[in-house]
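Asks: The structure under discussion is supplied below as structure tokens; questions concerning it will follow.
The values are calculated or read from the model by the stated rules, or taken from the named source; none is laboratory data. Since the structure is predicted, the reported quantities are computational estimates derived from the model, not experimental observations. Virtual Cβ from ideal backbone geometry, glycine too; neighbours counted across all protein chains shown. Areas reflect the complete protein model, heavy atoms only, side chains present, ligands, DNA and RNA absent. Shrake-Rupley method; radii C 1.70, N 1.55, O 1.52, S 1.80 Å.
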Amino acid sequence: MSRLAKKPIELPPDVYVNLNLSSIEIKGQLGSINHDLPSAVSIRTEGNQIWVDRMSEDKSIRAYQGLIWALVRNAVYGVSTGFSRRLFISGVGYRALKENNNLVLQVGFSKPVVIEPPQGIVIEVEKADVVVVKGINKELVGLVASQIRSIRPPEPYKGKGIRYEGEVVRRKAGKAIGKAKK
């Protein structure tokens, strides 16, 4: 049972909500996000709070209530503050560049890898080894960050590759040369 969905979602002063029968639109200073609503869940606003209510106590409907609550909360945060994921590149000769709107990665392949960000995503290169993915949609920011990471995931022997901020890569020992038994 979703216990968080029993709590209201607080609206910042610069965020506006437009409710229809089957959808919700959330507008803020960074953009707007639309979500379709299932018929088992209803949304109401009271002042600067959004409440997500369910129509019955069925288990699947309670799950929908928690899902819609999380999606609306993420949309409110996204249009007011935005989401970002930082990626670190480690390895000799590994680096990132930004050409026009595209991200160019040189991560040990014979040719550089060019990534064109989707609509609503901004990719910044802070340093040659730090890439920041920003946007208002949490799901899309995470998807683009995981696609960038999947180009060269961190390997456990030398630690080379692309990793998330705060990700711990477990290092393995290399070949162990021991004494040969006679």
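Asks: Residues in the range 9-21: is at least one open to solvent by less than 40 Å² (accessible area, probe 1.4 Å), in contact with a strand residue (DSSP E or B) (Cβ under 6 Å, 6 or more places away or on another chain) and farther than 30 Å from Ile151 by Cα?
Replies: There is at least one residue in the range 9-21 that is open to solvent by less than 40 Å² (accessible area, probe 1.4 Å), in contact with a strand residue (DSSP E or B) (Cβ under 6 Å, 6 or more places away or on another chain) and farther than 30 Å from Ile151 by Cα.
Asks: Can you run down the residue pairs with Cβ atoms below 8 Å, 6 or more apart or on separate chains, where the first is in the range 116-130 and free of Cβ contacts under 8 Å to residues at least 40 places away in the same chain and the partner is surrounded by fewer than 14 Cβ atoms within 10 Å (Cβ to Cβ) and charged (D, E, K, R)?
Replies: That search, which allows pairs on different chains as well, returns Ile123/Lys98; Glu124/Lys98; Val125/Lys98.
Asks: Just checking, which of Leu30, Leu103, Leu71 is closer than 22 Å to Leu143 by Cβ and assigned to a helix (DSSP H, G or I)? Break it down into steps so the answer makes sense when it comes.
Replies: Working: Leu30 fails: assigned to a helix (DSSP H, G or I); Leu103 fails: assigned to a helix (DSSP H, G or I).
None of the other options fit; the residue is Leu71.
Asks: Of everything in the range 105-124, what is open to solvent by 10 Å² or more (accessible area, probe 1.4 Å) and either in contact with a Ser or Thr (Cβ under 8 Å, 6 or more places away or on another chain) or over 23 Å from Gly82 (Cα atoms) (or both)? Give them in sequence order.
Replies: Within the range 105-124, Gln106, Gly108, Phe109, Ser110, Lys111, Pro112, Val113, Val114 meet the criteria.
Asks: Identify, from the list Ser84, Ser56, the residue that is in a loop (DSSP other than H, G, I, E, B) and open to solvent by less than 90 Å² (accessible area, probe 1.4 Å). Full working, then the answer.
Replies: On the way: Ser84 fails: in a loop (DSSP other than H, G, I, E, B).
Exactly one residue qualifies, and that residue is Ser56.
Asks: Tell me which residues, restricted to the range 114-139, are hydrophobic (A, V, I, L, M, F, W, C) and in a strand (DSSP E or B). Break it down stepwise before answering.
Replies: First, the residues of the range 114-139 that are hydrophobic (A, V, I, L, M, F, W, C): 114-115, 121-123, 125, 128, 130-133, 136.
Correct list: Val114, Ile115, Ile121, Val122, Ile123, Val125, Val130, Val131, Val132, Val133.
Asks: Across the range 125-137, what is the number of residues that are surrounded by fewer than 20 Cβ atoms within 10 Å (Cβ to Cβ) and either over 10 Å from Ser84 (Cα atoms) or touching a Gly at 6+ places or on another chain (Cβ under 7 Å) (or both)? Show your work before the answer.
Replies: Quick first cut of the range 125-137, residues surrounded by fewer than 20 Cβ atoms within 10 Å (Cβ to Cβ) only: 125-130, 132, 134.
With the extra rule that they be either over 10 Å from Ser84 (Cα atoms) or touching a Gly at 6+ places or on another chain (Cβ under 7 Å) (or both), the set shrinks to 125-130, 134.
Residues in the range 125-137 being surrounded by fewer than 20 Cβ atoms within 10 Å (Cβ to Cβ) and either over 10 Å from Ser84 (Cα atoms) or touching a Gly at 6+ places or on another chain (Cβ under 7 Å) (or both): 7 in total.
Asks: So which residues in the range 32-53 are open to solvent by 70 Å² or more (accessible area, probe 1.4 Å) and under 19 Å from Gly82 (Cα atoms)? It would help to see each step written out before you state the result.
Replies: Quick first cut of the range 32-53, residues open to solvent by 70 Å² or more (accessible area, probe 1.4 Å) only: 34, 36, 39, 44, 46-48.
Passing the criteria: only Asn34.
Asks: A further question follows. I'm checking my understanding of the structure. Among residues of the range 149-164 that are touching a strand residue (DSSP E or B) at 6+ places or on another chain (Cβ under 6 Å) and part of a helix (DSSP H, G or I), which one is surrounded by the most Cβ atoms within 10 Å (Cβ to Cβ)?
Replies: That would be Arg149.
Asks: Let me ask something else about it. State which residue pairs qualify: first residue touching a residue at least 12 places away in the same chain (Cβ under 8 Å) and inside the range 7-19, second residue open to solvent by 50 Å² or more (accessible area, probe 1.4 Å) and acidic (Asp, Glu) in any location, beta carbons under 8 Å apart, and separation of 6 or more residues or different chains.
Replies: Pro8/Glu46
Asks: Can you list residue pairs whose Cβ atoms sit under 9 Å apart, with the first residue in the range 74-90 being at negative phi and the second being aromatic (Phe, Trp, Tyr) and not in a strand (DSSP E or B)? Count only pairs 6 or more apart in sequence or on different chains.
Replies: Hits for this filter: Phe83/Tyr77.
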